[in-house]
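Written below as structure tokens is the structure these notes are about.
The values are calculated or read from the model by the stated rules, or taken from the named source; none is laboratory data. Here the structure is a predicted model, which is why all the values come from computation and not from measurement. All Cβ positions, glycine included, derive from the backbone under ideal geometry; neighbour counts span all protein chains shown.
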Amino acid sequence: MDRFLHSDLFYDFVRSPIAVISFVLVSTLILLAVFANFIAPTNPFDPASLNLMNGFTAPLEPNAFTGEVFLMGTDDQGRDLFSAILFGLRVSLFVGLMAVALATGIGVFLGLLAGYIGGWLDSLIMRLADIQMTFPSILIAMLIYGVARGVLPPALRDEMAISVLILSIGLSEWVSIARTVRSSTLVEKEKEYVAAARLIGLNHFRIMLRHILPNVLSPVLVIATITLALAIIAEATLSFLGVGAPPTKPSLGTLIRVGQDFLFSGEWWILLFPAITLLLLALSVNLFGDWLRDTLNPRLK
Amino acid sequence: MVEKLLELKHISVTFKTRRGSFKAVDDLSLDLKEGEILGIVGESGAGKSITGAAILGLIPSPGKLSSGTISFKGQRIDLNPKLMRGSKISMIFQDPLVSLNPLRRIGDQLIETIQTHSPCSSAEAFKRAIKSLEEVGIDPSRFDAYPHTFSGGMRQRVVIALALAPGPAVIVADEPTTSLDVSNQDQVLKLLKKLCKEKKTSVILVTHDMGVIFQTTDRVAVLYGGRLVEIGVTREVLKNPTHSYTQSLVQSTPKIEVGSFKKPTDQLDGFQPKIDEQSKALVAEKLTREFDLSPAWFFRKLSFQKQKRVLAVDSVSFSINKGETYGLVGDSGSGKSTIAKMVVGLLKPSSGAITFNGKNLNGSDLSHRESQKIRQRIQMVFQSPYASLNPRWKIGDILLEPIRVFGLSSSIEDEHKRIFELLDQVGLSKSDVQKYPHEFSGGQRQRISIARALASKPDVIICDEPTSALDVSIQAQVLNLLRELQREFSLTYLFITHDLAVVSSMANNIGVLNKGRLIEEQSSEMLFSKPQHEHTKMLLAAAPILDI
């Protein structure tokens, strides 16, 4: 811990207002999502707690029928928007993080293999990556989503919706990570410490894992952070298009889709609050990722 | 008295960092007379490059000229360095690969430089550009060529032409020949010297190489830790250094000293391991290696290209006796490192054989176990002290790995004892096991690298340019360490270097490589006194040797 407090990274962090603000914002949003069930006044996933009479209540105005007051108003079902946003944030973050974890896992593994082994395997993996790059990643995600839904029995579809979402976003984002890892691996494997490891007869698997992997991880950290913002937006887009999180377990994207229906009939809050939350989340993750990239790459300074 | 062309008065350059400010140059005063070549010599961190940069006002951020004045012909230039930069004072950089714009023809770069500093017609500028190319010995028909079509030495000539084109009074040359082979270095330095004498241009030559200083400069300034230690006429300073630092610098500079190594047989008989003339430790027979330069598999198949091959090592044969040091010398691209990689098994020879203690290393009859046993006994010390240690590993773990892999210790206490023993043998302390490589200096890292090679108790150690990245005083220490270890453990060395002076003090026998072929093989004494091959003679003549 002491080492961290004296590191260049921490020094730069404290001196960059953007980094501090975005970090505080991300942490707040994560904490809100994690402790949603303690903070939220109602459980928006529980249909029994909803009262249709509360529908379309404006923020901070008492409902005409029940007299209840809601911080951010309610939607058409009478669902408390503040609670829905907290739980939606949880879904969005969870999907984003898991998708990034999946993309990073695949990307690091394939990138290491391609860079270290080279030859036809490298050609195969990287051409596959090139082909995937020619399609927008949201299209790939929809494709994977569609196939997965088609394979699943109807009864499982809603239950597995989140897993399918993670899978489809994860599989659509691995390319940039694999490319970065591959190029770092190409640099690292020519260094003499790798030759020294080969001299004592270590097998290639151990060299890749114990020697090269730790040395290619810092660019991965940066890309993973930026990919997190992308994944969150991808999830919101999918949910907005109606192929993501189901309305019974709404994510931020689902809430925005619901809100969009009522935007021109005067119920602006149903769209606005989830949209602002998504904006803050994606923006702060992105800013933090940018700062991390600039700091870890001295050439950009 | 000759007029002072350039005068540095009490200059200090300070770098402000978060860990406090650091004086790279500390109260330095120098002057440069018209037409003289002044050498600035020192080890890394002495502040010599910063001094050169300060004259041009090119101190890298966050450094600042914190005190002192720089004046050119009595006029202060530190306040507005752009006034003189390029036109009156120009610079030659170390790396000719990056100091020329790769996307522009050299002729255009010359014309641009000429026209920037003296307004003249295009025809006039063209004439002058052609003339300056002729002066540096480059065929004017290459006027429209791009930098990548030139060799390193030729590129540095173009850079010299560029620096001289505006007719400057002073040229600051920062390690102009460090990245060149000895033969090119010699030519470039001679050219620089000749042109500057002709044009009465003064030169400040910044270098770490005492040999270059000795052979090129009129006066020399010795820097240490940002301070001027000694200044004076080159021959006198190097012959009779008054300051103890200069003395040690001159002493540790390797000279060609035939037979300066102590043959183990010179020692008391019966005590020291003798050179065992009968048994060969390592024999290479008609070693050949080809490289495939064709594009990647996929594109080659796609475009139906044939494989393009280049011969890096061409049937090289040599043998090393047990307990001996065999030196391999050659320019860059002569195949030295390729041979090293084949000997340790990092590369497979295209043909030929390597025999270790009578066993063929490339034979297919070796089991995994046997080859592992042989690996254990042939280890390597690498060139770069920065890339040869895994930056994420602690020193203890780096040394532990070979011990574990070869199963050399039975218990954890045993392992610890062995690691401490290794650190002790290379002159490091026990507390270093917990440190990471970046906490050590270049010389200390090289010691760690040697300790790692020793960890598996090898018979043969391949040293691939083990000291070329180190300062001379550190180099001398590392070479001494290698000699001591050789005596203590009767090691056999294959010592690979481009530096004739270093190899003369280390090797019993020397092989000279040129373009992949072994052109000469002699005992150390014979090679330096009676070289046979023309190329060897040329190498010996070109080597910048401190010869006092």
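Below are the figures for this structure:
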| read-out | value |
| --- | --- |
| Among the residues listed as B:G86, B:G63, B:G47, B:G74, the single one being modelled with pLDDT under 90 and surrounded by fewer than 17 Cβ atoms within 10 Å (Cβ to Cβ) | B:G74 |
| Qualifying position, being surrounded by 21 or more Cβ atoms within 10 Å (Cβ to Cβ), more than 14 Å from chain A (Cβ to nearest Cβ) and over 30 Å from B:V283 (Cα atoms), among B:I419, B:I412 | B:I419 |
| Within segment B:1-86, strands (runs of 3 or more DSSP E) holding 3 or more residues that are of a type in the set (S, T, N, Q) | B:4-17, B:63-72 |
| Residue ID - nearest to B:H498 (Cα to Cα), chosen from residues in segment B:432-464 that are in a loop (DSSP other than H, G, I, E, B) and within 11 Å of chain A (Cβ to nearest Cβ) | B:P458 |
| Pick from segment A:195-206, criterion of a type in the set (A, V, I, L, M, F, W, C) and facing chain B (nearest Cβ under 10 Å), ranking: surrounded by the fewest Cβ atoms within 10 Å (Cβ to Cβ) | A:L202 |
| Which listed residue is in contact with a Phe, Trp or Tyr (Cβ under 7 Å, 6 or more places away or on another chain) and in contact (Cβ under 8 Å) with a residue 60 or more places away in the chain, from B:Q376, B:Q383 | B:Q376 |
| Filter pass, B:S350 being hydroxyl-bearing (S, T, Y), touching a strand residue (DSSP E or B) at 6+ places or on another chain (Cβ under 6 Å) and either away from chain A (no Cβ under 14 Å) or free of Cβ contacts under 8 Å to residues at least 24 places away in the same chain (or both) | yes |
| All positions within segment B:382-404 that are among the aliphatic types (A, V, I, L, M) and more than 7 Å from chain A (Cβ to nearest Cβ) | B:I395, B:I398, B:L399, B:L400, B:I403 |
| Hey, B:A387 under 24 Å from the mean Cα position of the chain (by Cα), within 23 Å of B:Q446 (Cβ to Cβ) and part of a loop (DSSP other than H, G, I, E, B) or not | yes |
| Some residue of segment A:174-191 being modelled with pLDDT under 90 and either aliphatic (A, V, I, L, M) or more than 18 Å from A:A114 (Cα to Cα) (or both) | no |
| Total residues in segment A:102-120, condition surrounded by fewer than 15 Cβ atoms within 10 Å (Cβ to Cβ) and either within 14 Å of chain B (Cβ to nearest Cβ) or more than 16 Å from the chain's Cα centre (by Cα) (or both) | 2 |
| Any helices (runs of 4 or more DSSP H) falling wholly within segment A:1-101 and containing at least 2 residues that are free of Cβ contacts under 8 Å to residues at least 60 places away in the same chain and away from chain B (no Cβ under 14 Å) | A:2-5, A:17-34, A:36-39 |
| Unique residue being over 22 Å from B:L479 (Cα atoms), in contact with a Lys or Arg (Cβ under 8 Å, 6 or more places away or on another chain) and crowded, with 17+ Cβ neighbours inside 10 Å when the list is B:V433, B:V405, B:V426 | B:V433 |
| Qualifying position, being among the acidic types (D, E) and more than 18 Å from the chain's Cα centre (by Cα), among B:D471, B:D459, B:D464 | B:D459 |
| Within segment B:488-548, helices (runs of 4 or more DSSP H) holding 2 or more residues that are under 18 Å from the mean Cα position of the chain (by Cα) | B:500-506, B:534-542 |
| Filter result for A:E159 (free of Cβ contacts under 8 Å to residues at least 40 places away in the same chain, within 14 Å of chain B (Cβ to nearest Cβ) and either acidic (D, E) or buried (at least 20 other Cβ atoms within 10 Å of the Cβ) (or both)) | no |
| Residues of segment B:321-347 satisfying the condition of being surrounded by 21 or more Cβ atoms within 10 Å (Cβ to Cβ) and away from chain A (no Cβ under 14 Å) | B:G323, B:E324, B:T325, B:Y326, B:G327, B:L328, B:V329, B:G330, B:S334, B:G335, B:K336, B:I339 |
| Sole exception among (1) under 25 Å from B:V472 (Cβ atoms); (2) touching a strand residue (DSSP E or B) at 6+ places or on another chain (Cβ under 6 Å); (3) of a type in the set (A, V, I, L, M, F, W, C) for B:L518, by number | (1) |
| Any hit, segment A:89-109, residues being touching a helix residue (DSSP H, G or I) at 6+ places or on another chain (Cβ under 6 Å), farther than 27 Å from A:L252 by Cβ and of a type outside the set (A, V, I, L, M) | no |
| Positions within segment B:353-375 being of a type in the set (G, A, S), more than 17 Å from B:I320 (Cα to Cα) and either away from chain A (no Cβ under 14 Å) or in contact with a Ser or Thr (Cβ under 6 Å, 6 or more places away or on another chain) (or both), in sequence order | B:G363, B:S364 |
| Filter pass, A:F56 being in contact with a strand residue (DSSP E or B) (Cβ under 8 Å, 6 or more places away or on another chain) and surrounded by 12 or more Cβ atoms within 10 Å (Cβ to Cβ) | yes |
| Enumerated helices (runs of 4 or more DSSP H) restricted to segment B:99-203, each holding at least 1 residues that are more than 25 Å from B:Q215 (Cα to Cα) | B:106-117, B:122-135 |
| Conditions (1) modelled with pLDDT of 85 or more; (2) more than 15 Å from A:I106 (Cα to Cα): number failed by A:Q132 | (2) |
| Tally, over segment A:184-194, of residues that are within 9 Å of chain B (Cβ to nearest Cβ) and either surrounded by fewer than 18 Cβ atoms within 10 Å (Cβ to Cβ) or in contact with a Ser or Thr (Cβ under 8 Å, 6 or more places away or on another chain) (or both) | 4 |
